[in-house]
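Q: Here it is: the structure, laid out below.
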Amino acid sequence: MRLCNDGAGVFVDLQADSPYINQMHNSMYCRLPVLSLTPFNPVKGEARFFALRLPRPAGPAWTRWRPGQFVMLRPDSFGLELPWGRPFCICHVTDGCLICFFQVLGRGTSRMAALKQGDMVSLWGPLGNGFAVEEDNPTLLLAGGMGVAPFVGYVNTHPKPWNVSMLFGHREAQECYPVNNINEFIPLDCWLECGPDDLRHFVDAVRVRMSECASCGGLVLACGPTPFLRAVRDLALELEVRTQLSLESLMACGVGACLGCAAITTPAWPTPEKRGRPVQICRQGPVFWADQIEL
Amino acid sequence: MGTELSVTLRGQTHDLVLKNPVLTASGTFGYGLEFAPYGDLKSLGGLVVKGLSLRPRDGNPCPRIVETPAGMLNAVGLQNDGVENFCAEKLPLLPWRETAVIVNIYASSVDEFARLAQRLDCERGVAALEINVSCPNVAQGGALFGQDASLAAAVTTAVRKAAPSKHIMVKLSPNVTDIVRIAQSVENAGADSVSCINTLQGMALDLRSRRPVLGNVMGGLSGPAIKPVALRCVWQVARAVRIPVVGVGGIINPVDALEFILAGAYAIQVGTGSFMRPDCAFALAAKLPAVCAEYGVESLDDLRATLTMD
């Protein structure tokens, strides 16, 4: 494979069918070669958790990316058979690379698990709004399983990480998740769920920590499966603590066109004409204030 | 590389001049602005914006979309902000002086179609109306109008009368026994052009839960999977009507586009392709001259409807 930098810092594969080369500089769409795919696999058997590294895309949008934003990824290997890209939160962006973290769950992620170095991936982003950053305010991060991914970037880019702490509930071994990097910056409290009692204890711990946060006027940010977010939302409303939730959704386009990812707003939504109506998770979210959307 | 790409859809009342034959399909390109970060909207022949109704609509419950082999089903149900919001907030931001803005319209009665058309007739930023008589995802109207030749004609006549200054395109449903009959009936009712095809009605099931995947149970199939059906419809319709046909269904690259022109289309619309890569329509338009040269196509007029049968 021959790779060249097209001037905007976007790597293009010269051997690829030329329609795939995007001539537009500053476009938020680019094609990138896989730098590496790292399995996070503590036990024997097929790896199901992966960190995917791609070259950091060029363009002004990537100097302004925010933790909580996402990208759409579509490997060439999807062919015609899987027409949609897949949304992934941005795990972290370093000087040289963009890191996404994924778990093998369906057809798309199964194919992504077979990616090799140099395989080409279409990427568009950064998309969506991202989490609030209140650097002087105590900030509690609540992660459920894969929901830990955007917080890697969050703690790495937070100006005052000593104000941030995290509670992490997970069902697989801790080594399956990219938490080592978080541990270096902030206090990390991990809860492994094996049975129903563990889940209850975790939710109790979440309640205690959210109450503390409420009493000091802090900020809560949550990311994880929808049932987990629902529990966090209920606590947020009960304890009256300012809470943002990063929603997960099926998406075809990621840019607000397919209208597949609708969330219904509450009467607390800021613009009156949209209250009680659908908004797009990809554009108005994926991060929402807990009191402003139904879940 | 010198292929002339501009096309004129010669209608019975109004022509529609396009700088190139590449349009976007309604419901896959938002109001156009969503795709501005991925290409120059002005480089397209035209934008067909998301279906508008007289009042805002919330659409159907989720899940509204599901990926299927080489395609997708959608049952969005025409969620939109309504015609007034479009005219006030979206249209002024679109490059309508440089590229044709075509507004897809949906209503649940002939009278409502007429009121919607009348409202848009005075908007000089709107080049044409595409009548949606083929949406499979709404309880009232939608495909019902497009599956009945006399109803389709009645809607066309009403819109023609209510929007005398606009080019009127009618989007046909493939979910009919004889698409040619519907096409001829809207032609006789005054349509300036027809676009073929809207989505094919379909379903996806979840065996484990024994439930339909879509909240609306049924949805419309689009994407490369339906391209053969769309080509067939365009070919049948183009031979049977005098008004221009716009091809739509599974078009993702210049070769697909030229195949539709070979089958008789004057222009094409890129739909689900914009989900496969958001610059699909831009890339197609940019690449079209080179692919024309590669296939020895000197002008689209020379290629159009030249399918050799023996």
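The values are calculated or read from the model by the stated rules, or taken from the named source; none is laboratory data. These figures come from a predicted structure and were not determined experimentally. Cβ placement follows ideal geometry from the backbone for every residue including glycine, while neighbour counts extend to all protein chains displayed. Remember, those area values only see protein heavy atoms, side chains included, never the ligands or the DNA or RNA. Shrake-Rupley method; radii C 1.70, N 1.55, O 1.52, S 1.80 Å.
Q: Checking the structure you have, find out if any residue of segment B:274-288 is among the acidic types (Asp, Glu) and either under 19 Å from residue B:8 (Cα atoms) or out of contact with any Ser or Thr (no Cβ under 9 Å at 6 or more places or on another chain) (or both).
A: No, that holds for no residue.
Q: Take segment A:233-273 and flag every residue that is free of Cβ contacts under 8 Å to residues at least 12 places away in the same chain and within 9 Å of chain B (Cβ to nearest Cβ). Even if it seems obvious, please write down each step before you answer.
A: We begin by selecting, within segment A:233-273, every residue free of Cβ contacts under 8 Å to residues at least 12 places away in the same chain; these are A:234, A:238, A:250, A:257-258, A:260, A:267, A:271-273.
Across segment A:233-273, the qualifying residues are A:250, A:257, A:258, A:260, A:273.
Q: Next up: Of all residues being β-branched (Val, Ile, Thr) and touching a strand residue (DSSP E or B) at 6+ places or on another chain (Cβ under 7 Å) in segment A:132-172, which is most open to solvent (accessible area, probe 1.4 Å)? Just the residue, please. Spell out the reasoning first.
A: Our first condition is that a residue be β-branched (Val, Ile, Thr); within segment A:132-172, this holds for A:133, A:139, A:148, A:152, A:155, A:157, A:164.
Restricting the remaining residues to those that are touching a strand residue (DSSP E or B) at 6+ places or on another chain (Cβ under 7 Å) gives A:139, A:148, A:152, A:155, A:157, A:164.
Details: A:139: 3, A:148: 0, A:152: 9, A:155: 1, A:157: 67, A:164: 3 Å².
The qualifying residue most open to solvent (accessible area, probe 1.4 Å) is A:157.
Q: Would you be able to say whether some residue in segment B:54-69 is under 18 Å from residue A:250 (Cβ atoms), at pLDDT 95 or above, open to solvent by less than 40 Å² (accessible area, probe 1.4 Å) and more than 9 Å from chain A (Cβ to nearest Cβ)?
A: Among the residues of segment B:54-69, not one is under 18 Å from residue A:250 (Cβ atoms), at pLDDT 95 or above, open to solvent by less than 40 Å² (accessible area, probe 1.4 Å) and more than 9 Å from chain A (Cβ to nearest Cβ), which makes the answer no.
Q: Can you name the condition, by its number, that residue A:226 falls short on among (1) farther than 30 Å from residue B:37 by Cα; (2) away from chain B (no Cβ under 14 Å)?
A: The failed condition is (2).
Q: OK, next. Pick from segment A:37-93 the residues that are of a type in the set (Lys, Arg) and closer than 30 Å to residue B:225 by Cβ: which of them is surrounded by the most Cβ atoms within 10 Å (Cβ to Cβ)? Spell out how you get there, then give the answer.
A: Taking segment A:37-93 and keeping what is of a type in the set (Lys, Arg), we get A:44, A:48, A:53, A:56, A:64, A:66, A:74, A:86.
From the residues that got through so far, the ones that are closer than 30 Å to residue B:225 by Cβ too are A:48, A:74, A:86.
Values: A:48: 18, A:74: 22, A:86: 25.
That would be A:86.
Q: Which of the residues belonging to segment B:78-120 are over 26 Å from residue B:193 (Cβ atoms) and under 20 Å from the mean Cα position of the chain (by Cα)?
A: Answer for segment B:78-120, where residues must be over 26 Å from residue B:193 (Cβ atoms) and under 20 Å from the mean Cα position of the chain (by Cα): B:79, B:81.
Q: Taking residue B:90, is it at negative phi and either buried (at least 17 other Cβ atoms within 10 Å of the Cβ) or modelled with pLDDT under 95 (or both)?
A: Spelling it out, residue B:90 is indeed at negative phi and either buried (at least 17 other Cβ atoms within 10 Å of the Cβ) or modelled with pLDDT under 95 (or both).
Q: Would you check if residue B:205 is surrounded by fewer than 20 Cβ atoms within 10 Å (Cβ to Cβ) and more than 14 Å from chain A (Cβ to nearest Cβ)?
A: Against the criterion (surrounded by fewer than 20 Cβ atoms within 10 Å (Cβ to Cβ) and more than 14 Å from chain A (Cβ to nearest Cβ)), residue B:205 qualifies.
Q: Can you name the residue in segment B:208-247 that is open to solvent by 50 Å² or more (accessible area, probe 1.4 Å) and among the aliphatic types (A, V, I, L, M) and is also nearest to residue B:7 (Cα to Cα) among such residues?
A: B:218
Q: Would you point out which residue out of B:113, B:145 is crowded, with 22+ Cβ neighbours inside 10 Å and either within 14 Å of chain A (Cβ to nearest Cβ) or farther than 25 Å from residue B:203 by Cα (or both)?
A: It is B:113.
Q: In addition: Output the residues belonging to segment A:156-182 that are part of a strand (DSSP E or B) and small (Gly, Ala, Ser).
A: The answer is A:165, A:169.
Q: When you go through (1) open to solvent by 10 Å² or more (accessible area, probe 1.4 Å); (2) at pLDDT 95 or above; (3) on the phi < 0 side of the Ramachandran plot one by one for residue B:193, which number turns out not to apply?
A: Tallying (1) open to solvent by 10 Å² or more (accessible area, probe 1.4 Å); (2) at pLDDT 95 or above; (3) on the phi < 0 side of the Ramachandran plot, residue B:193 fails exactly one: (1).
Q: Tell me, which helices (runs of 4 or more DSSP H) lie completely within segment B:220-301 with 2 or more residues that are more than 12 Å from every other protein chain (Cβ to nearest Cβ)?
A: Qualifying helices (runs of 4 or more DSSP H): B:227-240, B:254-262, B:280-294.
Q: Just a yes or no: is a residue in segment B:82-102 more than 12 Å from chain A (Cβ to nearest Cβ) and closer than 27 Å to residue B:184 by Cβ?
A: Scanning segment B:82-102, I find at least one residue that is more than 12 Å from chain A (Cβ to nearest Cβ) and closer than 27 Å to residue B:184 by Cβ, so the answer is yes.
Okay, residues lined up against (1) open to solvent by less than 10 Å² (accessible area, probe 1.4 Å); (2) closer than 25 Å to residue B:35 by Cα; (3) in contact with an Asp or Glu (Cβ under 8 Å, 6 or more places away or on another chain):
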site	(1), (2), (3)
B:252	no, yes, no
B:258	no, yes, no
B:262	no, no, no
B:266	no, yes, no
B:273	yes, yes, no
B:278	yes, yes, no
B:289	no, yes, no
B:294	no, no, no
B:297	no, no, no
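Q: Of everything in segment B:28-50 that's out of contact with any Ser or Thr (no Cβ under 9 Å at 6 or more places or on another chain) and touching a residue at least 24 places away in the same chain (Cβ under 8 Å), which residue is surrounded by the most Cβ atoms within 10 Å (Cβ to Cβ)?
A: B:31
Q: Out of all the residues in segment A:35-70, which are under 20 Å from residue A:116 (Cβ atoms), at pLDDT 90 or above and of a type in the set (A, V, I, L, M, F, W, C)?
A: A:35, A:37, A:49, A:50, A:51, A:52, A:54
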